[in-house]
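Peer 1: Below are the structure tokens for one structure; questions will follow.
The values are calculated or read from the model by the stated rules, or taken from the named source; none is laboratory data. Please read these numbers as outputs of a predicted model, since none were measured by experiment. Counting neighbours? That spans all protein chains shown, and the Cβs are built from the backbone with ideal geometry, glycine included. Accessible surface areas use protein heavy atoms only, side chains included; no ligands, DNA or RNA. Shrake-Rupley method; radii C 1.70, N 1.55, O 1.52, S 1.80 Å.
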Amino acid sequence: MLKESTSYLFSATKNRLFIQSVKILIPITWKKNVNYLKTKTETYEKADVIVAKPHLKNGNDPYTLQYGQCGDKGVYIHFTPDFLVDDQLLSVYGPRGRVFVHEWAHLRWGVFDEYNPLTPFYIDNNRKIEATRCPAGLQGVAVKQCTGGSCLCTEKDIDVETGLYKDGCVFVPDKNIASKHSIMYLQAAQSVSEFCDAQSHNTEAPNLQNRMCNYHSTWEIIENSTDIKNTPVSSTNVPEPIVTLIRSSDRVVTLVSDVSGSMGASERDLRLVQAAEVFIMQIVEDGSHVGIVEFSSAAVVISPLVQIFSTAQREQLKKLLKRKAGGGTNICDGIRKGFEVNKGTSDKSTYGTEIVLLSDGEDSSFPSVCYNEIINSGAIIHVIALGPSAAAALEKVADDTGGSKYFASDSFSANGLIDAFTSMASGAGDISKQTIQLESTASTLSSKNCLNGTVFIDKTVGNNTFFLVTWQSAVPIINLKDPKGNIYTAANFKSDSATKSSRLEINGTAEVGPWEYSLCNGLSSSQAIGITVTSRAANESVPPVVVNAHMNQDTINYPTPPIIYASVSQGLVPVKNVKVTAIIEAVNGQTSTIVLDDDGAGADIAMYDGIYSKYFTSFTLNGRYSLKVRVESTKNKARLVLPRNRALYVPGYVDNGVVTMNPPRPVIDEEELVVEAFSRTASGGTFVMSNIPPVLPTDIFKPEKITNLEAKIVDDVVVLAWTATGDELDRGTATSYDLRMSVNPKDLRDNFNGATKVNISSISPQEAGNRETFSFVPENVVIENGTILFFALVAVDKANKRSDVSNIAQAALVLPPPPAPTTGPTNNSSDWLTITTMTLIVCSTVILICIIISITTCIVSCQRKKKYKEMRV
């Protein structure tokens, strides 16, 4: 696949780019081989391409996890083993190297598909039904699955409600097309070797590329990337990629903790011990090698590597965690000692090992005096910045070594430090062995007040389940009720006064269902109380539901608005219909709570794709912020959904006038899509805001662009619908709308203000996220069969800032001609009829005619009201 794709990529990028080298990460479960090299900073979680079995049966679509804006890089490409080895799938997706380039364009350059499975056909400007594709002239026919006779979709297959072909009709391309375009539509065709450009692009197609990239072609986006701009055209022969096989090893990780004098402030030393205990007791996987280093003015090895096979070894390491604070801050010395500890394995190498580095102080010599050692070590360094004064260079070290980065404020009620350590799972990709965080919350409670909540344990998790309660002064009153009504109190928990924590491990597999907790402060004074619940997969063959969160950028300069993203999935399959809440904590401990949306509006690019998004506009301070998300699905409404941004499943081909169909896409049983009630929490790491002025303007951002405007014609009325945008991007409430209409979509794209204005003053915009509808009868326009109108919308805020022009919606009324009348043979022979028989026939006929007249009158009356059927694109 890689060899095939590199020459195809070179041609597609007009002799600029090819694949120079590839590293393939071999799972640790595969046998060792002399040709496998040891990993350095490469991990499964950081891979560009993932090869893994699908969770849904027969789900072999190659796809790219992509949820940024136009031009933003994706997260990873997913191929299934069957896609790579089953040659029967070649007729469905095309040659694998071509598919790779299609997906690479998603991943690397942030372009989108030019087909649309939700809107496979549309009415073009010539009032013809066209397939959603690029270019528009690509030859093919619309067909349906049938047996015997013609399978072509005809006027009889047009839905009178939409004017489009009914469900079941699909576009089948001509196998021998001469067009070179387009890779983002039909890379499977032999002649296709280029991306659609400005000349060939189909701006009318209702696809994601047009909606997200403002009707620009895929090549226009790609050629503006730094890859193309920085690479001259080459005439050299394309070499084969250099492929290196590397293999994961047992996890080796050392905790390198700051114990300098500043760690005594705000009880940071206590919180460090609590969080490190969670990592050792609950997070690090069996078989891992774990060491401990502490540093202040100098570093000390607290424990060499200990390989963990049982609770006894975990307890051995836990006892070494003690509160201490004193001395200066020498981060480089701590890292060097961490490297020494990590060399304690048989190969005496730091390649592929990890360091979890926590620091709360500045160090003017860091990282310059040890930067080369860090880079040459081949180790991954994860960093946790604790408090407002942690060294500014911590994040750079994590970025340069492929590590994760987290921030925890001094707020006891945020649980931020525990969340950071809980996120330090192995990057080897074996989710069945990793710990899943189900709950994490904390609060400062006054006397007699309680922290109450419910944790849902679903059937995908339940092994190694821990309930950890942390407290500041004294063990709280604990009341935990399982789904069967059994009660656990503080007496059932194992409490440790040194770490100020109480732990309960559920033996075996935890009971599925809601676990209700109540933690009450029995003291006469206030104290911070928190709870963290973790578990692991109940069955190795059934992947658990997981959530991953992050910002669109790690470093954000005001006034660029950051976007929060959270993906919810089970076995790489997205999960829709869940509630996702983001908690953003600033460096001073202030928090903002934001509900993320999966509605295809605002920052969210596609509805119901399992990616939940929202702009973050509540920033007030420069410095670090932490991100955390909570996911809840409590009423069994959650469903799995096929990923978007996937290679086209070609239904068949037309070859010399003969239609040959591929096997239909496998039907997935609805029961396979149901996801039980569950709860999850996860840290999204840290990001840094800068250049925020001391006094913020009252109106920073304009309203976000509306991207899901829809239009249809009902009788002689135009009906429009869209999702309300906000006053500040997708937050708040806009002040008014500006609606324009034209018979030519180009007028709306190129000269919105010059298009016909529609009076929409009767609408008072709703708060962002609500569904808006507007109906009107166009003036000076006769609504009749063949009418096609186009609409676009702009939102205006209280400061008269205007959003970008929305997507262009088409309202068309195109009816199929009525069917030709049918006649039957007549029989003039009546010799055999008796008078009685004739009388009966005459009487029956009179009665039948009366009934027909009544029915006809009713139908005509109804048809007058529905003379013109509606069509929606």
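Peer 1: Please go through region 320-342 and pick out each residue that is among the charged types (D, E, K, R) and either surrounded by fewer than 17 Cβ atoms within 10 Å (Cβ to Cβ) or touching a residue at least 60 places away in the same chain (Cβ under 8 Å) (or both).
Peer 2: 322, 323, 324, 337, 340
Peer 1: Filtering region 645-691 down to residues that are open to solvent by less than 10 Å² (accessible area, probe 1.4 Å) and outside any strand (DSSP E or B), which residue is nearest to residue 578 (Cα to Cα)?
Peer 2: My answer is 675.
Peer 1: Another question, if that's okay. Which of the residues belonging to region 551-573 are over 23 Å from residue 687 (Cα atoms) and either in contact with a helix residue (DSSP H, G or I) (Cβ under 7 Å, 6 or more places away or on another chain) or open to solvent by 30 Å² or more (accessible area, probe 1.4 Å) (or both)?
Peer 2: Across region 551-573, the qualifying residue is only 572.
Peer 1: Where residues in region 75-99 are of a type in the set (Phe, Trp, Tyr) and touching a strand residue (DSSP E or B) at 6+ places or on another chain (Cβ under 8 Å), which of them is farthest from residue 54 (Cα to Cα)?
Peer 2: My answer is 76.
Peer 1: Scan region 205-233 for residues that are charged (D, E, K, R) and surrounded by 20 or more Cβ atoms within 10 Å (Cβ to Cβ) and jot them down.
Peer 2: Correct list: 211 only.
Peer 1: Okay, next question. Using the structure shown, decide if residue 525 is farther than 20 Å from residue 418 by Cα and without any contact (Cβ under 8 Å) to a residue 40 or more places away in the chain.
Peer 2: no
Peer 1: Further question: Having 1 or more residues that are at pLDDT 95 or above and within 23 Å of residue 597 (Cα to Cα) is the bar; report the strands (runs of 3 or more DSSP E) wholly within region 712-810 that clear it.
Peer 2: Those strands (runs of 3 or more DSSP E) span 717-723, 736-742, 771-776, 787-796.
Peer 1: Continuing with the same structure: List pairs: first in region 756-785 and free of Cβ contacts under 8 Å to residues at least 60 places away in the same chain, second aromatic (Phe, Trp, Tyr), Cβ under 7 Å, 6+ apart or cross-chain?
Peer 2: 758/776; 760/737; 760/774; 763/737; 763/774; 765/737; 772/722
Peer 1: Here's a follow-up. Give the residue that is nearest to residue 749 (Cα to Cα), with candidates limited to residues of region 160-191 that are among the β-branched types (Val, Ile, Thr) and modelled with pLDDT under 95.
Peer 2: Within region 160-191, the match that is nearest to residue 749 (Cα to Cα) is 162.
Peer 1: Could you list, in sequence order, the residues of region 234-260 that are loosely packed, with under 15 Cβ neighbours inside 10 Å and out of contact with any strand residue (DSSP E or B) (no Cβ under 9 Å at 6 or more places or on another chain)?
Peer 2: Passing the criteria: 234, 235, 236, 237, 239, 240.
Peer 1: Could you check region 384-408 and list, in sequence order, the residues that are under 19 Å from residue 351 (Cβ atoms), open to solvent by less than 40 Å² (accessible area, probe 1.4 Å) and either without any contact (Cβ under 8 Å) to a residue 12 or more places away in the chain or not in a loop (DSSP other than H, G, I, E, B) (or both)?
Peer 2: 397, 398, 401, listed by residue number.
Peer 1: Now a separate question. Could you say which residue among 166, 128 is within 26 Å of residue 714 (Cα to Cα), of a type in the set (Lys, Arg) and surrounded by 13 or more Cβ atoms within 10 Å (Cβ to Cβ)?
Peer 2: Testing whether each residue is within 26 Å of residue 714 (Cα to Cα), of a type in the set (Lys, Arg) and surrounded by 13 or more Cβ atoms within 10 Å (Cβ to Cβ) leaves just 166.
Peer 1: Now for a different question. Which of (1) touching a residue at least 24 places away in the same chain (Cβ under 8 Å); (2) β-branched (Val, Ile, Thr); (3) open to solvent by 70 Å² or more (accessible area, probe 1.4 Å) does residue 788 not meet, given it meets every other one?
Peer 2: It is condition (3) that residue 788 fails.
Peer 1: Restricting to region 505-522, count the residues that are without any contact (Cβ under 8 Å) to a residue 60 or more places away in the chain, touching a Gly at 6+ places or on another chain (Cβ under 9 Å) and at negative phi.
Peer 2: Selection size over region 505-522: 4.
Peer 1: Which one is least open to solvent (accessible area, probe 1.4 Å), of the residues in region 1-32 that are in a helix (DSSP H, G or I) and touching a Ser or Thr at 6+ places or on another chain (Cβ under 9 Å)?
Peer 2: Here the residue is 12.
Peer 1: Which of (1) open to solvent by 10 Å² or more (accessible area, probe 1.4 Å); (2) free of Cβ contacts under 8 Å to residues at least 60 places away in the same chain; (3) under 30 Å from residue 254 (Cβ atoms) does residue 502 not meet, given it meets every other one?
Peer 2: Residue 502 satisfies all of (1) open to solvent by 10 Å² or more (accessible area, probe 1.4 Å); (2) free of Cβ contacts under 8 Å to residues at least 60 places away in the same chain; (3) under 30 Å from residue 254 (Cβ atoms) except (1).
Peer 1: Which of the residues that make up region 538-550 are assigned to a strand (DSSP E or B) and either free of Cβ contacts under 8 Å to residues at least 60 places away in the same chain or open to solvent by less than 10 Å² (accessible area, probe 1.4 Å) (or both)?
Peer 2: To start, the set of residues in region 538-550 that are assigned to a strand (DSSP E or B) comprises 545-550.
Selection gives 545 alone.
Peer 1: Identify, please: which residue in region 200-243 is in contact with a Pro (Cβ under 9 Å, 6 or more places away or on another chain) and not polar (S, T, N, Q) and is, among those, farthest from residue 748 (Cα to Cα)?
Peer 2: Selected residue: 201.
Peer 1: Which one of these is buried (at least 24 other Cβ atoms within 10 Å of the Cβ) and of a type in the set (S, T, N, Q): 415, 449, 464, 376? Before the answer, list the steps.
Peer 2: On the way: 449 fails: buried (at least 24 other Cβ atoms within 10 Å of the Cβ); 464 fails: buried (at least 24 other Cβ atoms within 10 Å of the Cβ); 376 fails: buried (at least 24 other Cβ atoms within 10 Å of the Cβ).
When all the criteria are applied, what remains is 415.
Peer 1: Next question. Collect the residues in region 335-374 that are polar (S, T, N, Q), in a helix (DSSP H, G or I) and over 19 Å from residue 41 (Cβ atoms), keeping them in residue-number order.
Peer 2: 368 - this is the single residue of region 335-374 that is polar (S, T, N, Q), in a helix (DSSP H, G or I) and over 19 Å from residue 41 (Cβ atoms).
Residue by residue, here is whether (1) under 16 Å from residue 99 (Cβ atoms); (2) surrounded by fewer than 19 Cβ atoms within 10 Å (Cβ to Cβ) holds:
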| residue | (1), (2) |
| --- | --- |
| 34 | no, yes |
| 38 | no, yes |
| 47 | no, yes |
| 51 | yes, yes |
| 57 | no, yes |
| 61 | yes, no |
| 64 | yes, no |
| 69 | no, yes |
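Peer 1: For region 505-537, give me each residue that is in a strand (DSSP E or B), of a type in the set (Gly, Ala, Ser) and surrounded by fewer than 21 Cβ atoms within 10 Å (Cβ to Cβ).
Peer 2: Those that are in a strand (DSSP E or B), of a type in the set (Gly, Ala, Ser) and surrounded by fewer than 21 Cβ atoms within 10 Å (Cβ to Cβ): 508, 513, 518.
Peer 1: Further, regarding this structure: Testing residue 629 on (1) open to solvent by 10 Å² or more (accessible area, probe 1.4 Å); (2) farther than 30 Å from residue 172 by Cα; (3) not in a loop (DSSP other than H, G, I, E, B), one condition comes back false. Which one is that?
Peer 2: Condition (1) is where residue 629 drops out.
Peer 1: What is the one condition in (1) in a strand (DSSP E or B); (2) at positive phi that residue 327 does not satisfy?
Peer 2: Unmet condition: (1).
Peer 1: In addition: If you take the residues of region 294-319 that are within 37 Å of the chain's Cα centre (by Cα) and within 18 Å of residue 353 (Cβ to Cβ), which of them is most open to solvent (accessible area, probe 1.4 Å)?
Peer 2: Among those that are within 37 Å of the chain's Cα centre (by Cα) and within 18 Å of residue 353 (Cβ to Cβ), it is 307.
Peer 1: Shifting gears a bit: Of all residues in region 143-156, which are touching a Pro at 6+ places or on another chain (Cβ under 9 Å) and either buried (at least 17 other Cβ atoms within 10 Å of the Cβ) or of a type outside the set (S, T, N, Q) (or both)?
Peer 2: Answer for region 143-156, where residues must be touching a Pro at 6+ places or on another chain (Cβ under 9 Å) and either buried (at least 17 other Cβ atoms within 10 Å of the Cβ) or of a type outside the set (S, T, N, Q) (or both): 143, 155, 156.
Peer 1: Within the bounds of region 576-595, is there any residue that is surrounded by fewer than 18 Cβ atoms within 10 Å (Cβ to Cβ), among the acidic types (Asp, Glu), in contact (Cβ under 8 Å) with a residue 24 or more places away in the chain and in a strand (DSSP E or B)?
Peer 2: Looking through region 576-595, none of the residues is surrounded by fewer than 18 Cβ atoms within 10 Å (Cβ to Cβ), among the acidic types (Asp, Glu), in contact (Cβ under 8 Å) with a residue 24 or more places away in the chain and in a strand (DSSP E or B).
Peer 1: Assuming residue 413 fulfils every condition listed in (1) farther than 25 Å from residue 533 by Cβ; (2) in a helix (DSSP H, G or I) apart from one, which condition is it?
Peer 2: (1)
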